[in-house]
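The structure under discussion appears below in the form of structure tokens.
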Amino acid sequence: MDHETPEELLYSPNHEWLRRDAGSPDEGTIGITDFAQDQVGDVVYLDLPAEGDAVTAGERCGEIESAKTVSDLYSPVSGEVIAANGALEDQPELVNSSPYDEGWMIRVRIADEADLDALLDAAGYRAQLPED
């Protein structure tokens with residue numbers, strides 16, 4: 001099965017994505033990839049950091065609970081959380097149905113541009129996915 005991997009995003013090896021905000025280049029939106037949502041199964045609950053919380057690149061910043069497992073959410077960059085997706089409180093399944101749009105998880109103010117250098121482009125991310 002081919003998983004959707006939008007070209008304009010950056011990806012972490014832990015299956016998170018980052019979309020840079022065109023209007024504010026020091027801000028970005030974070031979620032989990034189509035591959036990741038497929039692996040965890042039906043998402044039933046999310047524990048996300050709150051606005052104002054600090055996140056660190058490569059470190060755990062939240063939790064994703066599905067019908068079959070609990071998985072950690074890792075931040076692809078360091079920075080300050082400027083928003084969490086409140087819609088996921090009532091509709092956690094948006095992570096499954098729309099992982100790159102309505103299912104986004106947090107928005108952050110990126111502390112260090114150098115964090116972006118450690119992320120993968122779409123081709124690099126696809127290359128490290130397991131073969132079906």
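Laid out as a table, the results:
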{"read-out": "Scope segment 88-132; condition closer than 13 Å to residue 34 by Cβ, small (Gly, Ala, Ser) and touching a Gly at 6+ places or on another chain (Cβ under 8 Å); matching residues", "value": "97, 103"}
{"read-out": "Criterion (in contact (Cβ under 8 Å) with a residue 12 or more places away in the chain, within 12 Å of residue 44 (Cα to Cα) and open to solvent by less than 50 Å² (accessible area, probe 1.4 Å)) met by exactly one of 116, 88", "value": "88"}
{"read-out": "Long-range neighbours under 8 Å by Cβ, at least six apart or interchain, first residue without any contact (Cβ under 8 Å) to a residue 12 or more places away in the chain within segment 57-80, second buried (at least 16 other Cβ atoms within 10 Å of the Cβ)", "value": "70/64"}
{"read-out": "Any hit, segment 30-42, residues being open to solvent by 50 Å² or more (accessible area, probe 1.4 Å), of a type in the set (Phe, Trp, Tyr) and touching a residue at least 40 places away in the same chain (Cβ under 8 Å)", "value": "no"}
{"read-out": "Spans of strands (runs of 3 or more DSSP E) in segment 57-121 with at least 2 residues under 21 Å from residue 25 (Cβ atoms) and not charged (D, E, K, R)", "value": "79-84, 106-110"}
{"read-out": "Residue in segment 27-34 that is assigned to a loop (DSSP other than H, G, I, E, B) and within 12 Å of the chain's Cα centre (by Cα) present", "value": "yes"}
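Here is a yes/no grid of residues against (1) modelled with pLDDT of 95 or more; (2) under 17 Å from residue 114 (Cα atoms); (3) buried (at least 21 other Cβ atoms within 10 Å of the Cβ):
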position: 12; (1), (2), (3): yes, yes, yes
position: 26; (1), (2), (3): no, yes, no
position: 44; (1), (2), (3): yes, no, no
position: 52; (1), (2), (3): yes, no, no
position: 55; (1), (2), (3): yes, yes, yes
position: 58; (1), (2), (3): yes, yes, no
position: 65; (1), (2), (3): yes, no, no
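The values are calculated or read from the model by the stated rules, or taken from the named source; none is laboratory data. This is a predicted model, so every value here is computed, not measured. All Cβ positions, glycine included, derive from the backbone under ideal geometry; neighbour counts span all protein chains shown. The area values use the complete protein model at the heavy-atom level, side chains included, leaving out ligands, DNA and RNA. Shrake-Rupley method; radii C 1.70, N 1.55, O 1.52, S 1.80 Å.
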